[in-house]
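Written below as C-alpha cells is the structure these notes are about.
The values are calculated or read from the model by the stated rules, or taken from the named source; none is laboratory data. Since the model is a prediction, treat every value here as computed from it, not as a measurement. For neighbour counting, all protein chains shown are included, and Cβ atoms are generated from backbone atoms with ideal geometry for every residue, glycine included.
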Amino acid sequence: LYPANAVSGRYELGSPRFTKTEIKLANGKVFRIMAPGVSKTNIYIQSAMLNGKPLTRTFITHKELLAGGELKLVMGAKPVK
C-alpha cells in the first residue's frame, strides 16, 4: 500500500513481498494483507477481496484501513488486462 496522493485518503495497491502482513492500528484494530501465492514469479495481482467482498478498484481508502479487516490478494505470473 502506498499513498499516491497524500491528501486523497487513498492507498494504491502494489505487489506484496510477503504472504501475510499485519498492521496493528492505534484504535486497537488490525488490518491484514494476505497474499498466499506471492513468489518471485507470481508478482501480479489477479484479484482482490476486501473483508470477503470483491475489490474492483486499485486502491483502498484510509477509512477502510482504519476499520481493520483483511485484504486478500490472489497472485499470478502474468498481469491482468
Exercise for review: Could you grab the pairs with beta carbons closer than 6 Å, sequence gap of 6+ or different chains, first residue in region 55-81 and more than 28 Å from ASN27 (Cα to Cα), second one at pLDDT 95 or above and buried (at least 16 other Cβ atoms within 10 Å of the Cβ)?
Suggested key: MET75/ALA35; MET75/VAL38; MET75/ASN42; GLY76/ASN42; ALA77/ASN42
Point to revise | Index of the failed condition, ASN42 passing every other in (1) surrounded by fewer than 16 Cβ atoms within 10 Å (Cβ to Cβ); (2) touching a strand residue (DSSP E or B) at 6+ places or on another chain (Cβ under 9 Å); (3) among the polar types (S, T, N, Q) | key: (1)
